[in-house]
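Asks: My questions all concern the structure below.
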DNA sequence: CGTTCTGATTGACTCGAGTAGATCCCGCTG
DNA sequence: CAGCGGGATCTACTCGAGTCAATCAGAACG
């Protein structure tokens, strides 16, 4: 049927519906929200009819003002172009959507200043909760959020318990298992390509790698520190190649970095896994389609996102924040020597 | 200095500020917004002081209700995990942020139903504008948005002028140049890996490819249709490999697909570019770090995002919508035979 | 037939900020 | 000194929806 409504922003309000249905505005609300008072079936029908003919849609802004809840969640990521954070953002958005929430995305572009800006902006916009993937790997500054009573969940963090909710993979143990797997292929000199973390704590992946080496009785491994992205991994690869006595295997703290690292190896004509075996962390699609396909530690992104949404919208105001740690799965492909 | 404010959501309102400053609420508004009426310098100072001591932040929701503008833009992408859309989303978010707007992200996960859901949701949330990367490649259903006066910009679309704003790369000419470049390396049998488009129009990349082949007087090329992602490209690669008389070069409609295609070639032991030369479209970081590095058509993402924001917030209500087409740049790397 | 009870409905106030229109105060002019 | 102009300020209404207290209509009962 042809659309006959006006071309200007036709603002159909509760009042219009009430008038057409011949009831008061309160009744319209009761029908729309199914409460808090009952409405006689016949009246309900009249109201529904009016809503349908007018094409009434409640004004979410007005509701938000009245209820003090915007039904919007905010998410801050260091870089949405990182395959892992993209996957995480997708999962969070889906989980939020399933609960009727929309998601504001803030990309901090690896800058703490921008991260702070986004958080402060989210406060102003009265989001109901925030997912924070901080550029810091220690407790970020979320005082303002807490003060306003905005439930905040730290994602990709699980190092130690904090006074706020945190969700992350089991960094230490998963990394240890990854390194041990490399060792199972006969490697003893296993290096670490470690992303730079701006914080005073040790990254769990580094801890796991150390533990594994110690457990193997292997010599102390070498570390290549670089940024958490493809160019960083490439740069680490260059430094790796410059070594006279190269390690035979490498554990890389993210798929992205591993892809850059692989590029450096390819350029030098080294074969993977024959000359250098590689394992990485995250489990993004990127790892599956690199060459050779990367063995990696897969984070249960979907579960983490759902747990995050639950922590924000499903928990009472006074419920104590907690840190939830998720087990990861070793995905074995060609780069470590499997297959 | 220590924070002494209450731990409960301290809702400091305009009223509190007015009381402390000893003025009316209207004056507070005038000071905060710099108008529409003047306030005596001395009074301004008092108000500013009160705002500072109370830590007052205007309630954006209330303002949105009154003004009918949320200062939020919505963006819908088919898949945020696609490197190209991630880059685009990042650029749009940045451009929006620079203008004081926040961005709601909706991931439609390649589903038209979900896309519609997001759009309808954005309408309810009274966003001030929408960026739409539709899963359709023809005019999507944005009637509702238009009816509510929400300015909408179609991104990644430039095939033909529409009654709504559209922004996209110069698909046809850029693709023609890419294919001609492959030809310049001596190739005559150049295949196309074409993403599936749900619409009745021809994809500009396909048109450009055809034009180039015709211009070269080459025989009609072969087409491998597949989904617009890595697995799709891989699948196309499998079909390509099954051919008895394989083309010597391939033009792929996205970096993502090209990465999947490369994987198939690698598995079969074919060398790139010696056995098969490859060029793709988009210009994401993914292309730079694949092996071999992919020659690609780089879209000017930043400029397109900025133009998009301008189209939404900088244009008058009655300004006629227009299609803006952006020139792309050929980035030549190893996969085509350069270097 | 009057009273009481109960469920349906309504009027009116609220959320917090924008702003028009009314008011106030001061200094200047005739 | 009355009258006027004009800037500063305040009062009060508005945006659209949620919901409580009050009201109303009708049924049930004595």
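What follows is calculated from the coordinates using simple rules that are stated; it is not laboratory data. Owing to the predicted nature of the structure, the values given are computational and were not obtained by experimental measurement. No Cβ is skipped: glycine too gets one built from the backbone with ideal geometry, and neighbour counts run over all protein chains shown.
Asks: Taking the Cβ of each residue in A:155, A:332 as the centre, tally the other Cβ atoms inside 10 Å and list the residues starting with the fewest.
Replies: Lowest count first: A:332, A:155.
Asks: Looking at the protein assembly as shown only, what percent of DSSP beta bridges run antiparallel? Nearest 5 please.
Replies: 10 percent
Asks: Rounded to two decimals, what is Rg over Rh for region B:173-231 when you use alpha-carbon atoms and the Kirkwood radius?
Replies: Result: Rg/Rh = 0.98.
Asks: What are the nm distances, shortest first, from residue A:116 to its equivalents in the other copies, labels at 7 Å along Cα→Cβ?
Replies: Shortest to longest, the spacings are 4.6 nm.
Asks: What is the fewest-to-most order of A:107, B:16 by other Cβ atoms lying within 10 Å of their Cβ?
Replies: Ordered from fewest to most neighbouring Cβ atoms within 10 Å, A:107, B:16 come out as B:16, A:107.
Asks: Nearest 5 percent is fine: what portion of the DSSP beta bridges confined to chain A is antiparallel?
Replies: So the antiparallel bridges amount to about 10 percent of the total.
Asks: Once you've got the GNM for chain A with C-alpha springs shorter than 10 Å, pick whichever of A:114, A:130, A:23 has the biggest mean-square fluctuation.
Replies: Of A:114, A:130, A:23, the most mobile in the Gaussian network model is A:23.
Asks: Nm distances between the label at residue A:271 and the same-position labels in the remaining copies, 7 Å along Cα→Cβ, shortest first?
Replies: 1.5
Asks: Taking the number of other C-beta atoms within 10 Å as the exposure measure, put A:14, A:225, A:271 in order starting with the fewest.
Replies: A:271, A:225, A:14
Asks: What whole-number distance in Å separates the alpha-carbon centres of region A:86-129 and region B:164-243?
Replies: Centre-to-centre (Cα) distance: 37 Å.
Asks: Between residue A:320 and residue A:37, what is the label-point separation in nm under the 7 Å Cα-to-beta-carbon projection?
Replies: Those two pseudo-labels are separated by 4.3 nm.
Asks: Here is a further query. Below 8 Å between Cα atoms, with a sequence gap of 6+, how large is the relative contact order for region B:260-325 in percent?
Replies: In percent, rounded to a whole number, it is 21.
Asks: Could I ask something else about it? Given the convex hull over the Cα atoms of region A:171-299, what projected area results after averaging over all orientations, in nm²?
Replies: 7.1 nm²
Asks: Distance in nm between label sites at residue B:271 and residue A:15, each 7 Å beyond Cα in the beta-carbon direction?
Replies: With each label placed 7 Å out from Cα toward Cβ, I get 7.8 nm.
Asks: Compute the relative contact order of region A:14-58 as a whole-number percentage, counting only Cα pairs closer than 8 Å that sit 6 or more residues apart in sequence.
Replies: 43 percent
Asks: If you line up the long axis of helix B:112-124 against the longest principal axis of chain B, both from Cα atoms, how many degrees apart are they, to the nearest 10?
Replies: Tilt of helix B:112-124: around 20 degrees.
Asks: Follow-up question, since we're still on this one. Under the classification rounded if a/c is under 1.5, otherwise prolate if a/b is larger than b/c and oblate if not, where does the protein assembly as shown fall, given a ≥ b ≥ c as square roots of the Cα gyration tensor eigenvalues?
Replies: It comes out oblate by the Cα gyration axes.
Asks: Continuing with the same structure: Could you tell me the center-to-center distance, by alpha carbons, between region A:261-339 and region A:11-45 in angstrom?
Replies: The two parts, judged by their Cα centres, are 51 Å apart.
Asks: If you don't mind, another one. Per DSSP helix of 4 or more residues, -39500 (n - 2.57); summed, then divided by the residues of chain B. What does that give at 222 nm, rounded to the nearest 500?
Replies: After summing the helix terms and dividing by the residues of chain B, the value is -13000 deg cm²/dmol.
Asks: For region B:14-58, how big is the tail of P(r) above 18 Å, as a whole percent of Cα pairs?
Replies: In whole percent, the long-distance tail amounts to 11.
Asks: Now, a different point. With the contact rule set at Cα under 8 Å and sequence spacing of 6 or more, what percent relative contact order holds for chain B?
Replies: 15 percent
Asks: Something else now. Distances from residue B:19 to the same position in the other copies: list them in nm, one decimal, shortest first, using label points 7 Å from Cα along Cα→Cβ.
Replies: List, nearest first: 3.8 nm.
Asks: Shifting gears a bit: Assign one of three labels to region B:23-156, namely rounded, prolate or oblate, based on the Cα gyration tensor with a ≥ b ≥ c the square roots of its eigenvalues; rounded applies when a/c is under 1.5, prolate when it is not and a/b is larger than b/c, and oblate otherwise.
Replies: prolate
Asks: Further question: May I ask you to work out the translational diffusion coefficient for chain A at 25 °C, viscosity 0.890 mPa s, via Stokes-Einstein with Rh from the Kirkwood sum over Cα pairs, reported in whole µm²/s?
Replies: 108 µm²/s
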